[in-house]
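One structure is given below, represented as structure tokens, and several questions about it will come after.
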Amino acid sequence: MHKYSFLVYHADYSGFLEDLKQLGVVHIIESDNEPTSELQEGFREVNDVAKMIKFLQGRKKEDNKEMKAVTVSGQQLRSDIKNAQSQLDLLQQQYSSLEKEYRQLQPWGQFSWDSLTKLQNVGLAPRFFYCANRKFKSDWEQQFNLGVVTEEKGYTYFVIFVEEGDARPELDAEEVRLPDRSLSQLKVEMDEVDRQITEMSHSLDVYAHSGIEILEQYKNQLQEEIDAKHAVLHTADQVDGKVKLLEGYAPETSMQGLESYLEKTGTVYLKAEAVSEEKPPIKLKNNSFFRLFEPIGKLFSLPSYIELDLTPFFAPFFLMFFGFCLGDAGYGLLFVLVATYFKFKVKKDIKPILSLIQWLGLSTVVFGAITGTFFGIKLSESSIGWMQNVKSYFLDNNQMFSLALIFGGIQIMFGMFIKVANQIRQEGFAYSLATWGWILLILSSLGAYVADLAIGTETYFMSTIHLVVLGIAGLGIFVFNHPKRNVFVNVGAGLWDAYGMITGVIGDLLSYIRLFALGLSSAILGLVFNKLAFDLSPDFPVVKQLVILIILFIGHGINIFMSGLGSFVHPMRLTFVEFYKNAGFIGGGREYKPFRKLN
């Protein structure tokens, strides 16, 4: 990144900003100025339109050529949708209220309030009660002017006529106040409101059918206006407001085009190499494969300006760990097929996500083949003829447990090598000696241990060569761990770091057992659902097959969702906690967001 300071005459400033927007390469440096009320209102509008787009996307159905296309402007469409949403909410509330009244009146049946009014005119007031059937006493009919209306769902509904002004009859029952309309009147009102709801819903469906693109363009227009005001907000006045100063960053790949424009227009500018202390924006540069994993890394943090981007380094491990956790070739094949199908139907910006799912599915197929698992079926226990020849190649649970720890150890050591590279890049070789010491200690000890294990003696571990290597590693860890500190301080700091390193590495290594545990649980759940499907199905032709299919579909659907979620989350945790820590990841970078035209 390079930092640019532009000096522009105030009368030319609006045109300069428009040209800068067309170039779309400058990330504007924000000042400490508080956003104006106009900017805040703009942010709210963009957020409101974004929510509206999401709402319409949830309503969008299959393309219907009979639907009328929306031709209004984005601003008018936003207003129309807001009005339609408000009216629909009011209508739905009105319908709920009418429905409640209808349910309340339903046990009393169809009657005329006019007839009851006539009785009230002669001094008899109706009072409506209900109680549980067991609480209703037959002698109430002799004590009061009582008529039973109906018995429904364990309750008795009855009406008592009392003389005007008399107190409430003393009985163990609940009195209710009924709506002053008949059932038929309520039904007519409900039908009318329901018709209006259908009309309003249809209007929203029309907006969803052809209005999303209009709203997207309108949102981009609003965002461009905000960006322009944002640029003005972070512009400093110079020479009594006659000159405008704007600062920003541009990547090295865009410098030539930007500077050609500046030279052509005669714009005065200063250029300097970006320095990490000013926290320049981060623009990741990865190939098409590693770019698929950038959204995963961004969930945690972008790298700081001075450190390596870890995306290419964690991507192969993440891919492998996902397959390890899900570990079913059938599930992986399903991921690949579904993602491939939808890649032909979705927008361009969604395709990278589906490509990532395809890769994750392929990894799952590979690990499913290693363990011999296909939709919960253990192929190692299969009686298929040709399968007998490959059974010996399937890995059992003990081997998968060991493999999880091996993968963990490899990623931890790989992270430590990346930490060395970062330390050399950021501070110099002398600051990496402690990490080199730990790498030397771990690898030499592991190598000597494996060699001794192979020959059955302790020849290599306690050999002079290995002890010398350990001594060199110890110098790096305890003596030369910081080139600018006193040697005694370094020894004390080295001891403290050694305690943290030993306990940390062991804990980190054990964390990788989750790969084995998740893979095992996914396989067991698939096996359980297969067993349930065949054990719970009735012994009737057609019905048996139907029940089996239903249980398999629901069971494996649940397993794919739960295991797939775990297979994504836990490798991500291993990446962000174990790998990033051992790689010395700093993070905290800000994403490169150039001032550009969106539509």
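The values are calculated or read from the model by the stated rules, or taken from the named source; none is laboratory data. Here the structure is a predicted model, which means the values were calculated and not measured. Quick reminder, even Gly has a Cβ in these numbers, built from the backbone with ideal geometry, and neighbours come from all protein chains shown.
Quick one: HIS202 ticks every box in (1) out of contact with any helix residue (DSSP H, G or I) (no Cβ under 7 Å at 6 or more places or on another chain); (2) more than 29 Å from LYS347 (Cα to Cα); (3) modelled with pLDDT under 90; (4) not aliphatic (A, V, I, L, M) bar one, so which box is it?
Checking HIS202 against (1) out of contact with any helix residue (DSSP H, G or I) (no Cβ under 7 Å at 6 or more places or on another chain); (2) more than 29 Å from LYS347 (Cα to Cα); (3) modelled with pLDDT under 90; (4) not aliphatic (A, V, I, L, M), the one that fails is (2).
Quick check on this structure: which one of ALA434, ALA454, ALA430 is in contact with a helix residue (DSSP H, G or I) (Cβ under 7 Å, 6 or more places away or on another chain), assigned to a helix (DSSP H, G or I) and among the aliphatic types (A, V, I, L, M)?
On inspection, the qualifying residue turns out to be ALA434.
Might you let me know whether segment 78-93 holds any residue that is surrounded by 14 or more Cβ atoms within 10 Å (Cβ to Cβ), in contact with a Leu (Cβ under 6 Å, 6 or more places away or on another chain) and over 30 Å from THR156 (Cα atoms)?
yes
I would also like to ask the following. Can you run down the residue pairs with Cβ atoms below 6 Å, 6 or more apart or on separate chains, where the first is in segment 270-284 and in contact (Cβ under 8 Å) with a residue 40 or more places away in the chain and over 20 Å from GLU427 (Cβ atoms) and the partner is of a type in the set (Val, Ile, Thr) and assigned to a strand (DSSP E or B)?
none
Okay, next question. When both residues are 6+ apart or on different chains and their Cβ atoms are under 8 Å apart, which pairs have a first residue that lies in segment 181-197 and is on the phi > 0 side of the Ramachandran plot and without any contact (Cβ under 8 Å) to a residue 40 or more places away in the chain, and a second that is assigned to a helix (DSSP H, G or I) and surrounded by fewer than 16 Cβ atoms within 10 Å (Cβ to Cβ)?
From residues that are on the phi > 0 side of the Ramachandran plot and without any contact (Cβ under 8 Å) to a residue 40 or more places away in the chain, there are no pairs.
Can you name the condition, by its number, that PHE534 falls short on among (1) surrounded by 14 or more Cβ atoms within 10 Å (Cβ to Cβ); (2) in contact (Cβ under 8 Å) with a residue 12 or more places away in the chain?
(1)
For HIS556, work out the one condition from (1) crowded, with 20+ Cβ neighbours inside 10 Å; (2) modelled with pLDDT under 90; (3) farther than 22 Å from PRO316 by Cα it doesn't fulfil.
(2)
If the Cβ limit is 9 Å and pairs must be 6+ apart or interchain, which residue in segment 456-480 that is surrounded by fewer than 17 Cβ atoms within 10 Å (Cβ to Cβ) pairs with which residue that is β-branched (Val, Ile, Thr)?
Partner pairs satisfying both residue conditions: VAL479/VAL487; VAL479/VAL491.
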